[in-house]
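S.K.: I have a structure I would like to understand better, so I am pasting it below and will then ask my questions one at a time.
The values are calculated or read from the model by the stated rules, or taken from the named source; none is laboratory data. Please read all numbers here as calculations on a predicted model, not as lab measurements. Heads up, the Cβs are rebuilt from the backbone with ideal geometry, glycines too, and the neighbour counts pull from every protein chain shown.
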C-alpha cells in the first residue's frame, strides 16, 4: 500500500470515528463532549489523534506541497511518527 493510500485510509477512519462519536453517541452536545474528553483517557487520546491527523490530511495534496515547500511539508508530515508512537503507547497501556 502506498503512503498516500495509507494516509487517506487513516484520515478517513479517524474522521468516521470522530463523526460517529460526536453525532451518534453524544448527539452534537458540545458540553458533554468537553466533559467526556477530560473524563475518559481513551477519548482524550482519540481526540488528540484527530487533531494531529487533520492538518496532515488537509495538506496531503500536490498543491499544498507546493505552497508549503518540500521541507516544511515533510516536517509537518513527520508528525505521523508522533501519532504512531502515541497509538503504540495507548495499545501498550490498554486503552
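S.K.: Could you pull out every one of the helices (runs of 4 or more DSSP H) wholly within the stretch 10-95 that has 2 or more residues that are free of Cβ contacts under 8 Å to residues at least 12 places away in the same chain and in contact with a strand residue (DSSP E or B) (Cβ under 7 Å, 6 or more places away or on another chain)? Please lay out each step first, then the result.
M.R.: Values: elements: 30-39, 41-58, 62-68, 70-77, 79-93.
Fully inside the stretch 10-95 and qualifying: nothing.
S.K.: Same structure again: Determine, yes or no, whether residue 55 is within 10 Å of the chain's Cα centre (by Cα) and either surrounded by 11 or more Cβ atoms within 10 Å (Cβ to Cβ) or at pLDDT 75 or above (or both). Write out each step before concluding.
M.R.: Values: within 10 Å of the chain's Cα centre (by Cα): yes; either surrounded by 11 or more Cβ atoms within 10 Å (Cβ to Cβ) or at pLDDT 75 or above (or both): yes.
Answer is yes for this residue.
S.K.: Hey, can you tell me all the residues within the stretch 60-95 that are in contact with a helix residue (DSSP H, G or I) (Cβ under 6 Å, 6 or more places away or on another chain) and at pLDDT 85 or above?
M.R.: Those that are in contact with a helix residue (DSSP H, G or I) (Cβ under 6 Å, 6 or more places away or on another chain) and at pLDDT 85 or above: 65, 73.
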